[in-house]
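Participant: Sharing a structure with you now.
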Amino acid sequence: MLALALGGFVFMTGCDASEDSDLERGRALFLQNCGTCHTLAEAGSSADVGPDLDASFAQARADGMDSDTVEGVVQKQISNPREVEEGAPNYSSIFMPADLVVGQDAEDVAAYVASVAGIPGAKPPELPPDQLFTERCGSCHALQAAGTSGTTGPDLDETLAGKNAKYIEQQIVDPNSQITQGFGPDVMPQDFESSLTPQDLQGLVDYLLENVGS
Ligand code: HEC
Ligand code: HEC
């Protein structure tokens, strides 16, 4: 009872903005809205259009910045992205769009990033292949066994039926080696060979082999 009361007290007086943020939701939103441009080890994203967020915040943390401050920086960046001046060393011709996520979504994303960015040794949680598929592939691919219905890429129940492990693996690590009819090249991420561990890759291939066409 005492512990409970104390907990409530701390919650009510604490000024931590992340108190009512949902980190798991923030992670999913990050993957959908930010992972296409940014590397963040815990999210398993390895894109390099924008800065590597682990690198950005490792330095800041080493200089004494705490997670609450990181959260504020990220939130500000989301609503009001800095423009790097042309000619500056980190100038990029691709800009970060403002307000990719807003309101509670932006709070959740910022709290999530603040909880993992630049933390030494951060790496993605180990997921079983079906969850890994849902997280990394399901936004683009339909697969009945996983309950996903993305349409940016082919319906894998249809196109992978009867295909062997070697073919499936090759299409994951080198999607442009053979373009599925009706779809364009360079849409599927080209970096799964490095962004997935060998075990995760093998797990996905086995999972697909077992489940397509079901
Ligand atoms: C289209 C690509 C793109 C997307 C999508 C994107 N960003 Fe960025 N981001 C950039 C670029 C380019 C920069 C560097 C220029 C700048 O600071 O605005 C940047 C800078 C940042 C920075 C500052 C990093 C530093 O080193 O100071 C943070 C934090 C950040 N982004 C977070 C996010 C979050 C969170 C999301 C998702 C809501 C997101 N970004 C989505 C391209 C992107
Ligand atoms: C951003 C969207 C996107 C994501 C994310 C994505 N894919 Fe794809 N995928 C595509 C598109 C588009 C194609 C068809 C063009 C091509 O062949 O490259 C494709 C093709 C494939 C093929 C070949 C299918 C065939 O008919 O031969 C396989 C296998 C595949 N993807 C598996 C995966 C797996 C596994 C993941 C997650 C680790 C994944 N994809 C993530 C868009 C995506």
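The values are calculated or read from the model by the stated rules, or taken from the named source; none is laboratory data. Just so it is clear, the model here is predicted, and its values are computed rather than measured. Quick reminder, even Gly has a Cβ in these numbers, built from the backbone with ideal geometry, and neighbours come from all protein chains shown.
Participant: Can you tell me which residue in segment 97-125 is nearest to Val73 (Cα to Cα), limited to those that are under 14 Å from the mean Cα position of the chain (by Cα) and away from ligand 1 (no atom under 13 Å from the Cβ)?
Facilitator: Filtering segment 97-125 for residues that are under 14 Å from the mean Cα position of the chain (by Cα) and away from ligand 1 (no atom under 13 Å from the Cβ), the one nearest to Val73 (Cα to Cα) comes out as Ala122.
So that you can scan it fast, the table gives a plain yes or no per residue for (1) part of a helix (DSSP H, G or I); (2) in the same structural domain as Ala41 (by TED's automatic domain parsing); (3) in contact (Cβ under 8 Å) with a residue 24 or more places away in the chain; (4) buried (at least 16 other Cβ atoms within 10 Å of the Cβ):
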position	(1), (2), (3), (4)
Asp68	yes, yes, yes, no
Glu71	yes, yes, yes, yes
Gln75	yes, yes, yes, yes
Arg82	no, yes, no, no
Ala88	no, yes, no, no
Pro97	no, yes, no, no
Ala106	yes, yes, yes, yes
Ala111	yes, yes, yes, yes
Ala122	no, no, yes, no
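Participant: Moving on. Tally up the residues in segment 159-196 that are in contact (Cβ under 8 Å) with a residue 40 or more places away in the chain, part of a helix (DSSP H, G or I) and more than 8 Å from ligand 2 (Cβ to nearest atom), please.
Facilitator: 3
Participant: Please find, among Val113, Val109, the residue that is touching a Phe, Trp or Tyr at 6+ places or on another chain (Cβ under 6 Å), under 22 Å from Glu24 (Cβ atoms), of a type in the set (A, V, I, L, M) and more than 12 Å from ligand 2 (Cβ to nearest atom). Step through it out loud before you land on a result.
Facilitator: Working: Val113 fails: touching a Phe, Trp or Tyr at 6+ places or on another chain (Cβ under 6 Å).
Among Val113, Val109, only Val109 is touching a Phe, Trp or Tyr at 6+ places or on another chain (Cβ under 6 Å), under 22 Å from Glu24 (Cβ atoms), of a type in the set (A, V, I, L, M) and more than 12 Å from ligand 2 (Cβ to nearest atom).
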